[in-house]
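**Q** Just dropping this structure here.
The values are calculated or read from the model by the stated rules, or taken from the named source; none is laboratory data. The shown structure was predicted, so the numbers you read here are calculated from the model rather than taken from an experiment. A quick note on method: Cβ atoms are made from the backbone with ideal geometry, for glycine too, and the neighbour counts reach across all protein chains shown.
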Amino acid sequence: MCGIVGYIGYRPAAEVLVDGLRRLEYRGYDSAGVACTNNIRLEVAKSAGRLDNLVKELAKRPLEGQSGIAHTRWATHGAPTDINAHPHTDCTGTIGVVHNGIIENYLELKAWLIEKGHKFSSETDSEILAHLIEEFAVSSVGGGSGDAHGARLYKALTKALSVVSGSYALVVLDQHQPDLLLAARQDSPLIIGLGEGENFLASDMPAIIKYTRRMMVLEDGDVAVVGREKVMVQKLDGLPVERHLFIVDWDPGRTEKEGYDHFMLKEIHEQPAALRAALAGRVGFDTGGKHLPKLEQVLPASVAAACREAVFVAAGTAYHAGYLGREWWRRWTDLPVQAELASEFRYHHPHLDRHSLVVIVSQSGETADTLAALREAKRRGAVTLAVTNVVGSSVAREADYVLYTQAGPEIAVASTKAYTSQLACLALTGIYIASTRGEMDQNRAAALLGELLALNGVMREMIPRLEPEVREVAVEWGRTADVYYIGRGLDYPLAMEGQLKLKEISYIHAEALAAGELKHGTLALITEGTPVVALATQPQLFDKMVSNIKEVKARGAEVLLLTGENNRHRPLVDVADKVIYLPEVDPDLMPIIAAVPLQLLAYYAAVNRGCDVDHPRNLAKSVTVE
Ligand code: F6R
């Protein structure tokens with residue numbers, strides 16, 4: 001949660017910083033702020049509300065200087081006000097700090113600092129960092145200017161970090177030291193972008209990719225001294241460390257809307273390309289020309305063979321992907337397979353051992369609940385596989401094995417292309433494990449892989465064809481208060497994802513039900529005109545779904561049915577009010593295709609209601625608090 005940007009170089013810092021914040025707004029957007037120093041003083045501008053408020057503030061009172069720090073906030077401690085916005089400063093107003101994370105012992109540290117005479121302006125936990133650095137800088141021996149002052153500041157920061165507990169990614173700017181920024185990380189992401197005569201810090205790559213593709217990911221316990229020409233990374237105890245430098249190969253244009261009204265719509269349309277990328281280089285041929293999964297580099301065959309159970313662990317949309325993964329793996333392998341919510345995983349006392357494969361699914365690779373579950377799984381001796389989109393993310397670094405979804409940057413808060421890419425990766429891994437263990441017939445594996453590879457073409461043809469139809473339905477939902485999504489088998493996790501998409505961006509209440517469960521209670525809520533989205537992509541369950549649809553129709557529901565083309569010949573006019581026909585692919589893979597109209601439905605319902613689609617209220621893309 002929250003986005004951080006830091007800059008030191010030769011450009012007007014405030015411009016670089018605001019530009020970076022704009023690309024990090026998905027991480028939080030209830031207030032924003034910037035601090036720059038121009039050798040003479042440290043100036044701060046902050047504003048509650050969206051970034052545009054800060055931009056207006058800066059137009060009235062520009063900040064000078066070629067080094068600075070900035071922050072976009074998602075409130076955890078203290079309301080989203082101007083005062084609580086970052087950067088926070090010490091009592092002298094010369095040390096500025098931006099922080100992402102939570103300082104758990106801030107109340108006791110605050111009381112101690114107040115006793116020492118420090119004056120606080122905000123209700124945040126983060127402000128204590130500025131005061132702690134001030135306190136330890138004043139009390140440390142030595143002093144003077146230039147390098148000596150820099151060393152003292154560094155010492156004060158490391159001392160401050162040694163007394164705080166909790167999580168942080170932070171950047172410190174000192175008026176007396178305009179030639180360096182100090183940064184540190186513990187359980188919150190922070191990357192350094194390396195330029196020529198300039199360097200950058202950010203919570204995520206899109207913030208700085210316009211300026212440099214050379215990136216370095218800080219690890220937990222790292223403290224970095226970032227100058228214009230040089231970057232030095234040490235552990236908290238002073239031990240120097242080398243961090244791997246890598247080149248990001250995205251086109252910076254991929255973090256722009258490129259003519260779409262919203263990132264979400266752009267990302268929905270990017271799904272065919274993302275699906276293709278997810279499978280690129282991961283499917284080969286055997287000597288007979290049949291498709292074969294090529295995942296040995298990611299997950300050794302010995303791990304697949306030794307596995308005695310699998311558990312998917314994830315949150316939100318990624319959990320829905322894991323749930324579908326569970327259904328696939330149960331069908332394709334002989335393994336017992338579970339799917340668990342990351343936030344609940346620890347409380348279930350999971351019985352895991354070295355034969356348990358725990359699959360961690362996370363777009364960002366930084367979700368606090370998911371990361372905690374990964375650590376718990378490792379602590380209990382399980383083998384862990386991360387399926388994530390972000391290279392170098394915490395989950396990717398800590399898991400035993402990593403399968404990157406390769407979907408490219410996902411900016412909209414509502415996940416779309418990351419979800420379908422996760423599905424493609426989980427299907428591929430399931431086929432790989434099942435065929436490695438001899439539990440899936442080679443012909444079936446080859447056929448499924450062939451279909452998986454062809455999905456991108458099917459989706460590319462489907463999106464423009466279905467978009468106008470779906471949009472029409474969404475517009476009809478203008479004043480709708482509740483929508484119910486029902487499905488059986490593989491369509492149930494799909495229903496869960498459909499309802500989440502609708503809720504989070506349109507604020508229409510929605511609920512997903514296993515269609516057979518309806519009559520056990522929720523049917524009482526179906527009245528005249530209640531919209532019900534019925535998912536019937538599974539041929540063997542079609543008739544049962546029709547019975548469930550009739551149950552809701554009999555209570556007056558307005559039914560939108562999503563089903564395969566093969567059902568076009570059936571007389572469905574009496575069954576549903578509107579039918580959307582999906583291209584037919586292997587029934588096991590139909591949910592990947594069917595996810596797209598559900599995303600479009602949510603998108604157009606939200607647009608029609610005037611919602612801020614890319615920035616839904618109260619949400620942030622990367623949830624780095626538990
Ligand atoms: C919903 C959505 C969230 C995320 C969840 C996990 O559209 O995006 O539900 O799926 O917060 O995030 P990651 O996948 O980054 O761990």
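**Q** For N618, work out the one condition from (1) surrounded by 19 or more Cβ atoms within 10 Å (Cβ to Cβ); (2) out of contact with any strand residue (DSSP E or B) (no Cβ under 7 Å at 6 or more places or on another chain) it doesn't fulfil.
**A** Here N618 clears every test but (1).
**Q** Taking region 599-621, which residues are within 12 Å of the ligand (Cβ to nearest atom), over 17 Å from D261 (Cβ atoms) and out of contact with any Phe, Trp or Tyr (no Cβ under 8 Å at 6 or more places or on another chain)?
**A** L619 - this is the single residue of region 599-621 that is within 12 Å of the ligand (Cβ to nearest atom), over 17 Å from D261 (Cβ atoms) and out of contact with any Phe, Trp or Tyr (no Cβ under 8 Å at 6 or more places or on another chain).
**Q** Within region 259-277, does at least one residue satisfy the condition of being in contact with a Cys (Cβ under 7 Å, 6 or more places away or on another chain) and over 30 Å from N608 (Cα atoms)?
**A** Among the residues of region 259-277, not one is in contact with a Cys (Cβ under 7 Å, 6 or more places away or on another chain) and over 30 Å from N608 (Cα atoms), which makes the answer no.
**Q** Would you mind stating whether A495 is without any contact (Cβ under 8 Å) to a residue 12 or more places away in the chain, of a type in the set (A, V, I, L, M, F, W, C) and part of a helix (DSSP H, G or I)?
**A** No, not satisfied.
**Q** Can you find a residue that is under 30 Å from A447 (Cβ atoms) and either assigned by TED's automatic domain parsing to the domain that holds A424 or within 14 Å of the ligand (Cβ to nearest atom) (or both) anywhere in region 363-371?
**A** Yes - at least one qualifying residue is present in region 363-371.
**Q** Please find, among A160, A151, A156, the residue that is more than 25 Å from L17 (Cβ to Cβ), assigned to a helix (DSSP H, G or I) and hydrophobic (A, V, I, L, M, F, W, C).
**A** A151
**Q** Please verify whether Y507 is over 15 Å from G610 (Cα atoms), within 16 Å of the ligand (Cβ to nearest atom), modelled with pLDDT of 95 or more and aromatic (F, W, Y), treating the condition exactly as stated.
**A** For Y507, the condition - over 15 Å from G610 (Cα atoms), within 16 Å of the ligand (Cβ to nearest atom), modelled with pLDDT of 95 or more and aromatic (F, W, Y) - is not met.
**Q** Are there any pairs, at least 6 apart or on different chains, whose C-beta atoms fall under 7 Å, with the first in region 457-481 and free of Cβ contacts under 8 Å to residues at least 60 places away in the same chain and under 14 Å from I592 (Cα atoms) and the second loosely packed, with under 15 Cβ neighbours inside 10 Å and not hydroxyl-bearing (S, T, Y), and if so, which?
**A** Hits for this filter: zero, empty list.
**Q** Under 7 Å between Cβ atoms, at least 6 apart or on separate chains: pull out the pairs that start in region 337-354 with a residue that is among the aliphatic types (A, V, I, L, M) and end on any residue that is surrounded by fewer than 12 Cβ atoms within 10 Å (Cβ to Cβ).
**A** L352/G381
**Q** Could you look through region 411-434, keep only residues that are in contact with an Asp or Glu (Cβ under 6 Å, 6 or more places away or on another chain) and part of a loop (DSSP other than H, G, I, E, B), and pick out the one that is nearest to the ligand (Cβ to nearest atom)?
**A** Per the criteria, the residue is A414.
**Q** One residue is enough: does region 60-71 have a residue meeting the conditions hydrophobic (A, V, I, L, M, F, W, C) and more than 22 Å from Y168 (Cα to Cα)?
**A** yes
**Q** Now for a different question. Mind listing just one residue for me: the one in region 76-99 that is part of a loop (DSSP other than H, G, I, E, B) and among the polar types (S, T, N, Q) and, of those, farthest from L58 (Cα to Cα)?
**A** T76
**Q** So, one more: Checking I526 against (1) over 27 Å from D261 (Cβ atoms); (2) surrounded by fewer than 19 Cβ atoms within 10 Å (Cβ to Cβ); (3) without any contact (Cβ under 8 Å) to a residue 60 or more places away in the chain, only one condition comes out false. Which one?
**A** I526 satisfies all of (1) over 27 Å from D261 (Cβ atoms); (2) surrounded by fewer than 19 Cβ atoms within 10 Å (Cβ to Cβ); (3) without any contact (Cβ under 8 Å) to a residue 60 or more places away in the chain except (2).
**Q** Turning to a different aspect of this structure: Give the residue that is nearest to F200 (Cα to Cα), with candidates limited to residues of region 149-175 that are of a type in the set (V, I, T) and surrounded by fewer than 24 Cβ atoms within 10 Å (Cβ to Cβ).
**A** Per the stated criteria, the residue is T158.
**Q** Right, something else. Hey, among the residues in region 366-389 that are buried (at least 24 other Cβ atoms within 10 Å of the Cβ) and at pLDDT below 95, which one's nearest to Y432 (Cα to Cα)?
**A** Step by step, filter region 366-389, then rank; the result is N389.
**Q** Now for a different question. Which of the following residues is of a type outside the set (K, R) and in contact with a strand residue (DSSP E or B) (Cβ under 9 Å, 6 or more places away or on another chain): E309, E296, E258?
**A** E309
**Q** Right, here's the next one. Restricting to region 483-504, what's the tally of residues that are under 18 Å from T537 (Cβ atoms) and away from the ligand (no atom under 16 Å from the Cβ)?
**A** 8
**Q** Restricting the first residue to region 401-418 and requiring it to be over 9 Å from E267 (Cβ atoms), which pairs with a second residue that is crowded, with 24+ Cβ neighbours inside 10 Å and among the basic types (K, R) meet a Cβ separation below 7 Å and a spacing of at least six or different chains?
**A** V413/K621
**Q** Which one of these is in contact with a strand residue (DSSP E or B) (Cβ under 7 Å, 6 or more places away or on another chain) and under 21 Å from P616 (Cα atoms): V483, V475, V533?
**A** Checking each option against the conditions leaves just V483.
**Q** Regarding region 88-111, can at least one residue be identified that is within 24 Å of the chain's Cα centre (by Cα) and at pLDDT 95 or above?
**A** For region 88-111, residues within 24 Å of the chain's Cα centre (by Cα) and at pLDDT 95 or above: present.
**Q** Take the residues of region 372-401 that are β-branched (V, I, T) and closer than 17 Å to I191 by Cβ: which is farthest from the ligand (Cβ to nearest atom)?
**A** V391
**Q** What are the pairs with Cβ atoms under 8 angstrom where one residue, in region 56-78, is in the same structural domain as K46 (by TED's automatic domain parsing) and the other, located anywhere, is surrounded by fewer than 22 Cβ atoms within 10 Å (Cβ to Cβ) and among the aromatic types (F, W, Y)? Sequence gap at least six, or different chains.
**A** Q66/Y10; H77/Y106
**Q** So L324 clears everything in (1) on the phi < 0 side of the Ramachandran plot; (2) more than 16 Å from the ligand (Cβ to nearest atom) except one condition, right? Which one?
**A** (2)
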